[in-house]
Amino acid sequence: MAEKIKIFQFPIKGSDFDHIGNATIETRKLVKIAFEKEECFKNTSFSDSNRDFLRRFGICAYEAEANVIIHAHYGLFKTILCCKKIKGEVIDRGPGIPSILNALTPGFSTASETAKSLGFGAGVGLNNIQKIADFTMLHSEKGKGTSLQFEVWKAKDNEIGRIAMKIKQIIKVLKLELVTKNVDMEKEVKSAYSCDLLSNVLAKAGNESTWLTVQTNINIIGVATIKRIPIIIIAENSTIPRQTIVKAEENGIIIAKGKEDTFTISGKLYELFQKE
Amino acid sequence: MKIKTIIDITKAETLQKNGTTDIDIKYAFAADLMSDTLFIISREEEPVLLISGITDQSVVRTAIILDIPAVLVVRGKTVPQKTIELAKENNIIMLRTHYIMFVTCGLLYKEGLKGAPWQKR
């Protein structure tokens, strides 16, 4: 079957608070029509999870659009719909994001009072997108503008071959020592990645996976935040600086320490994910 | 819980009645920050009632995006005509009560409405 791609484009005007959400709603309508009328989209497994899929896309698009209206001068919202996934691209001309790490921290906002009075600017927008979309890419240049890309995938592709495992369980079975306090141990992880080079982790580690490393400097928390890694396992009993622990607790990231080396812990983790 | 029951409990008035009135609402969610709403009711199919103090069009747009059938405005705020029109076009029921948000939530909870389920992600 020939693959079909549909592209929708809408312009967004900065500070146009009266029409916040319009581009999203119009795009949503068009996507919905495509699902209902076009054979190619109808026959994919989208139809089972159509509502959920549309909603996830809607949320990401709405947040992205709101960001442009709140912060930028003008922008373009482009949607690419194909059989397996939907991709949103929001490019704007504006002030750019001064600190991406800050922007990704829940609760941090530089939105104006006008935006806040309308119920926006809670500082969770980018975080929402990151959590809901299956793929996000953010690029910003100070004084020039920002480009945000996100993808929402067909639900089934997402779940194949992954077994969820509670963090609590991992810590117990691997006999790790918990370093951070007041963190959510009920969270589930589905994969793991072992590496000491931060750039490799940024590029290759799966979102929401376990990260195994001997690095203990404060930068590991930044990387974990960006990749939404809920737990970092420190191998070989390396000493962890106080500030790393504090930063981890602030961001709700768990740090656990193991006596064995990376190879051994990796092996045990691998077995654990296989066994379940 | 039927829309009519919600109206009775919160002594609400109907601002916009076009929509699915016979729907059985099981869950509610109260927030003034639309981003919070977007995050929390992200995955569930059940009809949800949105309780909010926001009267701007953004509340209706949020409802559209999340398939929320009804919005309840609290503290008797004046709802702009534009908001009502947008709700009418998109079949979203708009209600208004004079109770403050806390009391509205309390009354509805007491009568069996549950908090909207959400996934910790």
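A short reminder: the numbers here are calculations on the coordinates, not readings from a lab. Given the structure is predicted, the values throughout are model-derived calculations rather than measurements. Counting neighbours? That spans all protein chains shown, and the Cβs are built from the backbone with ideal geometry, glycine included.
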TODO: Return the FRET efficiency for the residue pair A:Val214, A:Asp16: r is the Cβ-Cβ distance, R0 is 51 Å, and the value is rounded to the nearest 0.05.
DONE: 0.55
Open item on the list: Counting only other chains, and only Cβ atoms inside 10 Å, what mean value do you get across the residues of A:116-123?
Closed with: 6
- [ ] Decide, for the range A:123-249, between rounded, prolate and oblate: order the square roots of the alpha carbon gyration tensor eigenvalues as a ≥ b ≥ c, take rounded if a/c falls under 1.5, and otherwise choose prolate if a/b is larger than b/c, else oblate.
- [x] oblate
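Calculate the mean, over all residues of peptide A:24-37, of how many other protein chain Cβ atoms lie within 10 angstrom of the residue's Cβ.
Taking all residues of A:24-37 together, the mean is 1.
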TODO: Rank the residues A:Arg228, A:Arg93, A:Arg51 as a footprinting-exposure proxy: fewest other Cβ atoms within 10 Å of their Cβ go first.
DONE: A:Arg51, A:Arg93, A:Arg228
Task: For the range A:22-27, 3J(HN,Hα) per residue [Karplus equation, 6.51 cos²θ - 1.76 cosθ + 1.60, θ = phi - 60°, Hz, x = Gly/Pro] - done: 4, 4, 5, 5, 5, 4
Task: A:Lys29-B:His98 FRET efficiency (beta carbon distance; Förster radius 30 Å; 0.05 resolution) - done: 0.30
Open item on the list: Helix-only mean residue ellipticity at 222 nm, chain A, DSSP H runs n ≥ 4 weighted -39,500 (n - 2.57), per residue, nearest 500. What is it?
Closed with: -11500 deg cm²/dmol
Task: Mean residue ellipticity (222 nm) of chain B, computed from DSSP H runs ≥ 4 via -39,500 (n - 2.57), nearest 500 - done: -10000 deg cm²/dmol
Open item on the list: Within 12 Å, Cβ to Cβ, of B:Leu72, how many net charges do the neighbouring residues add up to if Lys/Arg are +1 and Asp/Glu are -1?
Closed with: +3
Open item on the list: What's the longest uninterrupted piece of chain B once you rule out the GluC sites (Glu not before Pro) that are loop residues per DSSP with at most 13 other Cβ within 10 Å?
Closed with: B:46-110
Open item on the list: Taking 0.36 nm per residue of sequence separation and subtracting the Cα-Cα distance, how much length would be gained by fully extending the chain between A:Ser147 and A:Glu39, in nm to one decimal?
Closed with: 35.7 nm
Open item on the list: Check which residues have an amide H placed less than 5 Å from A:Asp134's amide H, if you skip close sequence neighbours.
Closed with: A:Glu151, A:Val152, A:Trp153
TODO: At 7 Å along the Cα-to-beta-carbon direction for both B:Asp36 and A:Lys78, put a label point, then send me their distance in nm to one decimal.
DONE: 3.7
Open item on the list: Checking the a/c ratio against 1.5 first, then a/b against b/c, what shape does the Cα gyration tensor give for chain B?
Closed with: rounded
Open item on the list: Would you report the distance distribution of C-alpha pairs in the range A:6-157 as whole percents per 5 angstrom bin, up to the bin with the largest distance?
Closed with: 2, 10, 20, 23, 20, 12, 8, 5, 1, 0
Open item on the list: Restricting to Cα pairs below 8 Å that are 6+ residues apart, what does the relative contact order work out to for chain B? Please round to a whole percent.
Closed with: 35
Open item on the list: Under a crude label model (7 Å from the Cα following the beta-carbon direction), how far is A:Gln169 from B:Thr14 in nanometres?
Closed with: 4.9
- [ ] Normalise the Debye intensity by I(0) for chain A, one equal point scatterer per Cα, no solvent, then take log10 at q = 0.08, 0.10, 0.15 Å⁻¹ and round to two decimals.
- [x] -0.39, -0.60, -1.12
Task: Residue mean of other protein chain beta carbons inside 10 Å, B:56-66 - done: 6
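Which of the GluC sites (Glu not before Pro) found in the range A:118-212 are in a DSSP loop and have at most 13 neighbouring Cβ atoms, other than their own, within 10 Å?
Sites meeting the loop and neighbour criteria: A:Glu186.
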Task: Spin-label pair B:Thr78/B:Tyr109, simplified geometry with 7 Å Cα→Cβ offset, distance in nm - done: 3.2
